[in-house]
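Below is one structure; the comments refer to it alone.
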Amino acid sequence: MVSVDQPGDDITSDPCVIVIFGASGDLTRRKLVPALYSLAREGRLSPETQVLGVARTRLSDDAFREQLKEGVLAHGRGSDPESLLPWSDFSTRVSYLSGAYDDSETYRRLEELLVNFDLNAGTSCNRLFYLSTPPSLYAEIIGRLGASGLNECEPGWTRIIVEKPFGRDLASSNLLDEEIHGVFRERQVYRIDHYLGKETVQNLLTFRFANTIFELMWNRNYVDHVQISMTEQVGLEHRAGYYDIAGVVRDMFQNHMLQLLTLVGMEPPVAFNSKELRDEKVKVLQAIRPLRIDDGVWGQYIGYREDRDVNDDSVTPTFLAFKLYLDNWRWQGVPFYLRTGKSLTRKTTEVTLQFKQVPHQLFQDSPDLTPNRLSLFIQPNEGMHLHMETKVPGAGMKTSPVNMEFDYNAGDLPDAYERLLLDAIHGDSALFTRSDEIRRAWEIVDPMLKDWESHSAPPLSFYYPGTWGPAEAAGMMHREGREWLHHCEEQDG
Ligand code: BG6
């Protein structure tokens, strides 16, 4: 087993004010502030940087800080949050503004605070807005930021991070884009997909493009099929109101799943920068053959409808297993099997390339050779397995499959939000989704979603929580002489 130490990153960022709209929500407490605090402790946030929460809830600065401290203790990275930079020191850089999002007075006070930070804290007119409110408020906030002239600040920079969901279909996503572009230029906009901030998702790129050997086999000549699984053990987690309207396609497939697919399927970009990388990702999305609901198995876990915020007859899918093709030179004819769902056996995100069987079987003692497989574990237990046949020691030529394992040794990998927040502060949008990527992703799923939602009785399969999903999903693979691979279980063994 091989492992790797965590690389360092000692670049300190520009001083700035990070303004979080929707600051009293869960994301701020569980992800954003713990990520900012980790960055600060590691010296990667400039000491002048300020965090300003904006939300409707009335709260004092101290009460806000107290909420955040609990979040850091429960969800922060590292053993003892008090050890390096005490929370009490960091929290002096955190403040709160309560106000209605549709009230111009809120933005007047916001501007006052921002100017004050520039004058007294040295934030140099650099502003990073983070939209973490319900998406229905995005247009209002963006419009008001524009009307108050907060969309730019010379001589500094102004950027905006937009949380998913980015629209709920093609039309609403296009409209949101228009609203954003009415106020911000595309290069100021950072649409976040936190999967791209995961270390091991980025490692997919280094794995492919910093090594010679894998790329040679990464195509239709050697690959039999590809599987991408993003399974979750959790169910609704008090998010039924959102989830029952969104469902698995909007929650995971249109964004995280398709993003991961682009990284697996893309051509090598000519440079690792935001333009070249995203140009190649868009080409993968363009190559996806139109999706039909019959190409997938749509599931709902038994018990889902019992949640009090879910309709008794809800047909919202919580599971999707899908076969799709990329119509391009590299992947023509290679099926990609994608699977994601809630309330399944366990949480795992993994990508497996199953290679073709050897062209001629020499070893009569082992008639059933297992084809080579390369599995990349995104989470948990980040690493890689190469599954291959070796000779069993002794007489004869019997073979048996073994795994060559690489382990990321990932005890304390930075959280995705740390990487993405820092990239946005550095002005690097490579790991954020560009507007044409989002549009194309919606163009792919929109017809299929409309078809599903207009069905009077859509073909929904049910499954028990704690399983790998509906039997139909296994059936879909068996019909093709294949099976879902659960390499994560081998890891346990
Ligand atoms: C979010 C989805 O975007 O991603 C959630 O809305 C899902 O439903 C989550 O649970 C999964 O993210 P992670 O990082 O825990 O794999």
Response to the item:
Residue hits (the range 155-207; aromatic (Phe, Trp, Tyr) and not in a helix (DSSP H, G or I)) are Trp157, Phe166, Phe184, Tyr190
Fill in: Cβ pairs under 7 Å, 6+ apart, first in the range 26-37 and surrounded by fewer than 24 Cβ atoms within 10 Å (Cβ to Cβ), second polar (S, T, N, Q) and part of a helix (DSSP H, G or I)
Arg29/Gln67
Fill in: Close pairs (8 angstrom Cβ cut-off, 6 or more residues apart or separate chains): farther than 18 Å from Leu324 by Cβ in the range 441-455, part of a helix (DSSP H, G or I) and open to solvent by less than 70 Å² (accessible area, probe 1.4 Å) anywhere
His455/Ile293
Worksheet entry | the range 218-230 - residue that is open to solvent by less than 20 Å² (accessible area, probe 1.4 Å) and among the polar types (S, T, N, Q) and, of those, nearest to the ligand (Cβ to nearest atom) | Ser229
Practice prompt. For the range 86-153, please list each of the helices (runs of 4 or more DSSP H) lying entirely inside it that holds at least 3 residues being open to solvent by less than 30 Å² (accessible area, probe 1.4 Å).
Written response: 104-120, 138-147
Fill in: Candidate set from the range 244-254 (those that are under 14 Å from Pro135 (Cβ atoms) and more than 7 Å from the ligand (Cβ to nearest atom)); member that is surrounded by the fewest Cβ atoms within 10 Å (Cβ to Cβ)
Ile245
Practice prompt. Determine whether Lys323 is part of a strand (DSSP E or B) and away from the ligand (no atom under 16 Å from the Cβ).
Written response: yes
Worksheet entry | Scope the range 361-379; condition part of a loop (DSSP other than H, G, I, E, B) and either open to solvent by 60 Å² or more (accessible area, probe 1.4 Å) or touching a residue at least 40 places away in the same chain (Cβ under 8 Å) (or both); matching residues | Leu362, Phe363, Gln364, Asp365, Pro367, Asp368, Pro371, Asn372
Worksheet item: Counting just the residues of the range 298-313 that are touching a residue at least 12 places away in the same chain (Cβ under 8 Å) and away from the ligand (no atom under 16 Å from the Cβ), which one comes out surrounded by the most Cβ atoms within 10 Å (Cβ to Cβ)?
Response: Trp298
Practice prompt. Answer with yes or no whether Pro414 is in contact with a Ser or Thr (Cβ under 8 Å, 6 or more places away or on another chain) and either within 18 Å of His256 (Cβ to Cβ) or not in a helix (DSSP H, G or I) (or both).
Written response: yes
Worksheet item: Is there any pair linking a residue in the range 417-437 that is in contact (Cβ under 8 Å) with a residue 40 or more places away in the chain to one that is open to solvent by 10 Å² or more (accessible area, probe 1.4 Å) and of a type in the set (Phe, Trp, Tyr), with Cβ under 8 Å and at least six apart or on different chains, and which?
Response: Gly427/Trp157; Ala430/Phe272; Thr433/Phe166
Worksheet item: Considering Ala430, Ala416, which residue is within 19 Å of the chain's Cα centre (by Cα), away from the ligand (no atom under 16 Å from the Cβ) and open to solvent by less than 30 Å² (accessible area, probe 1.4 Å)?
Response: Ala430
Item to complete: Output the residues belonging to the range 263-292 that are away from the ligand (no atom under 16 Å from the Cβ), part of a helix (DSSP H, G or I) and touching a residue at least 60 places away in the same chain (Cβ under 8 Å).
Response: Val264, Gly265, Ser274, Leu277, Arg278, Lys281, Val282, Leu285, Gln286
Discussion item. Can you confirm whether Gly466 is open to solvent by 20 Å² or more (accessible area, probe 1.4 Å), touching a residue at least 60 places away in the same chain (Cβ under 8 Å), over 30 Å from Leu285 (Cα atoms) and away from the ligand (no atom under 16 Å from the Cβ)?
Written reply: yes
Worksheet, complete the sentence: Counting only residues in the range 38-51 that are under 22 Å from Tyr107 (Cα atoms) and over 25 Å from the mean Cα position of the chain (by Cα), the one least open to solvent (accessible area, probe 1.4 Å) is identified as Thr49
Fill in: Members of the range 154-164 found to be more than 16 Å from the ligand (Cβ to nearest atom) and under 12 Å from Phe184 (Cα atoms), listed by number
Trp157, Thr158, Arg159, Ile160
Discussion item. Can you find, within the range 314-336, the residue that is surrounded by the most Cβ atoms within 10 Å (Cβ to Cβ) among those that are of a type in the set (Phe, Trp, Tyr) and within 23 Å of Trp442 (Cα to Cα)?
Written reply: Phe319
Item to complete: Residues being open to solvent by 10 Å² or more (accessible area, probe 1.4 Å), in contact (Cβ under 8 Å) with a residue 24 or more places away in the chain and either in a loop (DSSP other than H, G, I, E, B) or within 16 Å of the ligand (Cβ to nearest atom) (or both): count how many of those fall in the range 344-360.
Response: 5
Worksheet item: When you go through (1) among the acidic types (Asp, Glu); (2) within 16 Å of the ligand (Cβ to nearest atom); (3) touching a strand residue (DSSP E or B) at 6+ places or on another chain (Cβ under 8 Å) one by one for Asp295, which number turns out not to apply?
Response: (2)
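Collect the residues in the range 361-382 that are among the aliphatic types (A, V, I, L, M), more than 16 Å from the ligand (Cβ to nearest atom) and under 16 Å from Val223 (Cβ atoms), keeping them in residue-number order.
Within the range 361-382, Leu374 is the sole residue that qualifies.
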Discussion item. Please go through (1) crowded, with 21+ Cβ neighbours inside 10 Å; (2) within 16 Å of the ligand (Cβ to nearest atom); (3) at pLDDT below 95 for His385 and return the number of the only condition it doesn't satisfy.
Written reply: (2)
Discussion item. For the structure I just gave you, tell me whether Gln233 is within 12 Å of the ligand (Cβ to nearest atom), surrounded by 13 or more Cβ atoms within 10 Å (Cβ to Cβ), at pLDDT 95 or above and polar (S, T, N, Q).
Written reply: yes
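Residue-wise test of (1) aromatic (Phe, Trp, Tyr); (2) surrounded by fewer than 15 Cβ atoms within 10 Å (Cβ to Cβ); (3) within 25 Å of Thr28 (Cβ to Cβ).
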site: Asp412; (1), (2), (3): no, yes, yes
site: Trp452; (1), (2), (3): yes, no, no
site: Glu472; (1), (2), (3): no, no, no
site: Met476; (1), (2), (3): no, no, no
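The values are calculated or read from the model by the stated rules, or taken from the named source; none is laboratory data. Please read all numbers here as calculations on a predicted model, not as lab measurements. When we count neighbours, we look across all protein chains shown, and the Cβ atoms used for this are built from the backbone with ideal geometry, even at glycine. Only protein heavy atoms, including side chains, enter the accessible area calculation; ligands, DNA and RNA are left aside. Shrake-Rupley method; radii C 1.70, N 1.55, O 1.52, S 1.80 Å.
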